[in-house]
Amino acid sequence: MRFGTLLSLVLPVAAFAYPTNSSADNYQLANRNTGEVELHKRFSNSRWTFFNRCGACGKVNIPSDFVVALNSAQYGQGFPGPNCFKKITMTYQGKTATATIVDKCPGCPVGGLDLSVGLFTFFAPESQGVIFGEWNFSA
């Protein structure tokens, strides 16, 4: 008998012989408190532009502040929006910065951001106009 044939007969039996505690593990996962785990999507290849205006969240900022306007789809409804004043972590070509959401960007695509002039120039010169980076909500 060839080794491959013998192995194909033994492996299924060995798999059933291994004791598992999967139902107990699943119960522990399902029984977690709501606040124990937070998942945040990372937005890669996100379109970033820059702006020079006041914020829809109700706070006035200066151009040098590290603040962003979040696209309308993620900004949400109401005043202030549910993501107002949340922190995000942004990365572009090896540079990383933390910024605060203070405005709504109606013209930005989902995942897209408008950056303050100061934040944009931290990553690239204004003459570049549009850059594509990665961001996520900070923990």
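Based on alpha carbons, the Rg and Dmax found for segment 95-139 are 10.7, 32 Å.
Excluding same-chain neighbours fewer than eight residues apart, the aspartates and glutamates reachable from LYS41 by a Cα-Cα span under 19 Å are ASP114, GLU134. Here segment 39-139 has 56 percent of its accessible surface on carbon and sulfur atoms, given a 1.4 Å probe and all protein chains in place.
Here the 3J(HN,Hα) profile of segment 85-99, calculated from phi with Karplus coefficients 6.51, -1.76 and 1.60 at θ = phi - 60°, is 6, 6, 8, 10, 10, 10, 9, 8, 6, x, 9, 10, 9, 10, 9 Hz, Gly and Pro shown as x. Would segment 69-110 count as rounded, prolate or oblate if I go by the C-alpha gyration tensor, calling it rounded below 1.5 in a/c and otherwise prolate when a/b exceeds b/c, oblate otherwise? It comes out oblate by the Cα gyration axes. Here the Karplus relation 6.51 cos²θ - 1.76 cosθ + 1.60, evaluated at θ = phi - 60°, turns the backbone of segment 111-120 into coupling constants of x, x, 9, 9, 9, 5, 4, x, 6, 4 Hz, with x for every Gly and Pro.
Multiplying the residue separation of LYS95 and VAL117 by 0.36 nm and subtracting their alpha-carbon distance yields 6.3 nm. 3J(HN,Hα) along segment 61-74: 10, 9, x, 7, 5, 8, 10, 9, 9, 8, 4, 4, 4, 8 Hz, from the Karplus curve 6.51 cos²θ - 1.76 cosθ + 1.60 with θ = phi - 60°, whole Hz, x for Gly and Pro.
The values are calculated or read from the model by the stated rules, or taken from the named source; none is laboratory data. Here the structure is a predicted model, which is why all the values come from computation and not from measurement. Protein only, heavy atoms only, side chains kept; ligands, DNA and RNA dropped before computing areas. Shrake-Rupley method; radii C 1.70, N 1.55, O 1.52, S 1.80 Å.
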